[in-house]
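The values are calculated or read from the model by the stated rules, or taken from the named source; none is laboratory data. Predicted model only: the values in this text are computed from it and were never measured. FYI the Cβ positions are ideal-geometry reconstructions off the backbone, even for glycines, and counts take in every protein chain you see.
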Amino acid sequence: MYDQTLLQLIDDYFLPKSYRGAPDFIREFHKYVVPLIKEVSISKNMVLFTQYSIPNCIFFLLSGVAYSTMEYPYKSMLLSPFVWRSPALIGDGKSYYKQKPARFGVVIQGYAQVYALERKHLADIEAKFPKVQSHIRLAINQQQKTFKAWKAATSSGKNQARLQRLLEEDPELLQHVLKKHLASHLGIYESYFSLLMRILNK
C-alpha cells in the first residue's frame, strides 16, 4: 500500500483535478511513478542542494520542515524565499525542470521524512504520460509568481504586516518553524523578529 500523503503530493504536482476522477488512469499512473520516487536518508539539518548548483531532484516533504537559503542583493544575510511545512513539494521547480543553476538552496530543519524524484525519471514520466507536462509547468509558474511576490514584499519594508499575515495564514507556524528561519523569510534579523512578535502580542 502506498503512503497516502506521498500519493497526494504526487497528484498535486502531476495531475489536474480533472484527471483524478479516472481510477484506471490513476492506478496506472501511481504504479509507474511511485517506484521512481525514493526515500532520502536524512541527517540533521541536511542540505538538499545549494544555491547556484543544478538541482537533480524535486523533493516531497512528508514530515518536518524545510527552508530555502539564498544570497540577496543589498542584504548582508542569507534570506529564505520559501519555508515549507509538511506535507509539501519542495525545491526550485524552474531550475530543476530546466536544469539551470538554482536560485536558492534547500535545507532541512532538524530531521524530516523526504522523498526525491530524479530529473531523468521526470523525462520518462512525461514521455509515458505527455498530458502531465502542462500541469507541471503550471506548478512551476505558480512558484515563480510566489517567488516574485516574495521579492517585492521583501523590498517593501512592511515587515510587521507581513509577519501578521504569515501567522494568520498558519497559526501553528511558530510551533514548527524556528524563529531564525521565519526572520530570514521576512528579510530581517532574528532580534528584530522578536521585537515584532512582542508588538503583535501586546
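Going by what's in this entry, would A22 be described as over 20 Å from the mean Cα position of the chain (by Cα) and among the small types (G, A, S)? The answer is yes for A22. Here A161, A116, A139, A183 are screened, and the one residue that is surrounded by 15 or more Cβ atoms within 10 Å (Cβ to Cβ), of a type outside the set (D, E, K, R) and farther than 28 Å from Y97 by Cα is A183. The single condition among (1) surrounded by 17 or more Cβ atoms within 10 Å (Cβ to Cβ); (2) without any contact (Cβ under 8 Å) to a residue 60 or more places away in the chain that V65 does not meet is (2). Can P171 be described as on the phi < 0 side of the Ramachandran plot and not assigned by TED's automatic domain parsing to the domain that holds Y189? Considered against the rule, which asks whether it is on the phi < 0 side of the Ramachandran plot and not assigned by TED's automatic domain parsing to the domain that holds Y189, P171 comes out as no.
Taking the conditions exactly as written (part of a helix (DSSP H, G or I), touching a residue at least 40 places away in the same chain (Cβ under 8 Å) and in the same structural domain as D124 (by TED's automatic domain parsing)), does D24 satisfy them or not?
So D24 fails the test.
Checking Y2, Y72 one by one, the residue that is within 16 Å of A116 (Cα to Cα) and of a type in the set (F, W, Y) is Y2 and no other. With respect to K145, determine if the residue is surrounded by 12 or more Cβ atoms within 10 Å (Cβ to Cβ) and part of a helix (DSSP H, G or I). For K145, the condition - surrounded by 12 or more Cβ atoms within 10 Å (Cβ to Cβ) and part of a helix (DSSP H, G or I) - is not met. Only one of the listed residues (I58, I10) is surrounded by 14 or more Cβ atoms within 10 Å (Cβ to Cβ) and either assigned to a strand (DSSP E or B) or not assigned by TED's automatic domain parsing to the domain that holds I136 (or both). That residue is I58. Of the residues making up region 115-160, those that are touching a Phe, Trp or Tyr at 6+ places or on another chain (Cβ under 9 Å) and basic (K, R) are R119, K128, K131, R137, K151. When only residues in region 83-101 that are within 8 Å of the chain's Cα centre (by Cα) and surrounded by 20 or more Cβ atoms within 10 Å (Cβ to Cβ) count, which is nearest to E190 (Cα to Cα)? By that ranking, first place goes to V83. Considering Y115, Y96, Y32, the condition of being under 13 Å from I10 (Cα atoms) and assigned to a helix (DSSP H, G or I) is satisfied by Y32 alone. Within region 43-55, the set of residues being assigned to a loop (DSSP other than H, G, I, E, B), of a type in the set (A, V, I, L, M) and under 12 Å from V114 (Cα atoms) comprises just one member, M46.
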